[in-house]
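Asks: I am attaching a structure below and will ask some questions about it afterwards.
Every number here is computed from the coordinates shown, using simple stated rules; none is lab data. Everything numeric in this text was worked out from a predicted model, so none of it was measured. Using ideal geometry, Cβ is built from the backbone for each residue, glycine included, and neighbour counts are taken over all protein chains shown.
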Amino acid sequence: MKRTIKSLRGLNEGIGRAVAWLTLAMVLVTFAVVVARYAFDLGSIAVQESITYMHALVFMLGAAYTLKHDGHVRVDIFYRKMGPRARAWTDLLGALLLLAPMCLFILWSGWDYVAASWSFRESSPEAGGLPWVYLLKTAIPLMAVLLLLQGLAQALESVLSLREPHAAERTEGEER
């Protein structure tokens with residue numbers, strides 16, 4: 001079980017770290033767009049759309065990484081006062097009763113939306129825009145799958161913590 005948890009957490013850690021570089025790319029591309037527009041009176045719809053694409057990818061593919069590092073909103077006023085067992089139960093029930101159904105709903109409701117986009121290789125409606133809208137929309141189910149996998153890791157970690165009270169220290173010896 002520990003190996004599964006480590007693998008799932010490692011996957012989202014790697015993806016999160018890789019996607020984080022898109023924030024630097026967004027800043028640099030945004031800077032270039034501003035300089036090109038105001039200094040040289042140049043513009044490009046495709047370059048502007050690329051900023052939107054990067055922004056969307058950072059949020060959608062970084063969601064599981066954020067969950068892994070406890071960066072999502074939660075009612076910490078109660079959670080921080082809980083003991084390790086109560087936290088494990090809260091994390092387990094949250095993953096099973098809230099996170100998993102939400103991810104499954106996103107997969108179910110978004111599947112046709114993404115499939116329709118792929119069926120005609122949807123591209124930007126703007127002249128000169130990027131031709132890969134269908135690829136961007138693929139990040140929607142991918143986000144749900146990554147969140148589901150991180151939720152599974154969190155649930156397994158909670159079960160391990162409930163079965164072995166001393167396993168409350170992180171599986172990998174690191175912060176979530």
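Asks: Round to the nearest 10 and give me the degree value, 0 to 90, for the angle of helix 2-40's Cα axis relative to the longest principal axis of the chain.
Replies: Between helix and principal axis, roughly 30 degrees.
Asks: So how far apart, in nm, are the two label points at Trp89 and Val34 if each is 7 Å from Cα heading toward Cβ?
Replies: In this crude spin-label approximation the distance works out to 5.1 nm.
Asks: Using only Cα atoms, tell me the angle between helix 84-94 and the longest principal axis of the chain; keep it within 0 to 90° and round to the nearest 10.
Replies: It works out to around 50 degrees.
Asks: Please build a GNM for the chain, connecting alpha carbons under 10 Å apart, and tell me which residue among Lys81, Lys68, Lys137 fluctuates the most.
Replies: So, out of Lys81, Lys68, Lys137, the one fluctuating most is Lys81.
Asks: I'd like the distance separating the alpha-carbon centroids of segment 111-125 and segment 6-28, in whole Å.
Replies: 26 Å
Asks: May I ask you to compute the full-extension gain from Ala116 to Ala46, defined as 0.36 nm times their residue separation minus their alpha-carbon distance, rounded to one decimal in nm?
Replies: Stretched fully, the Ala116-Ala46 segment lengthens by 23.0 nm.
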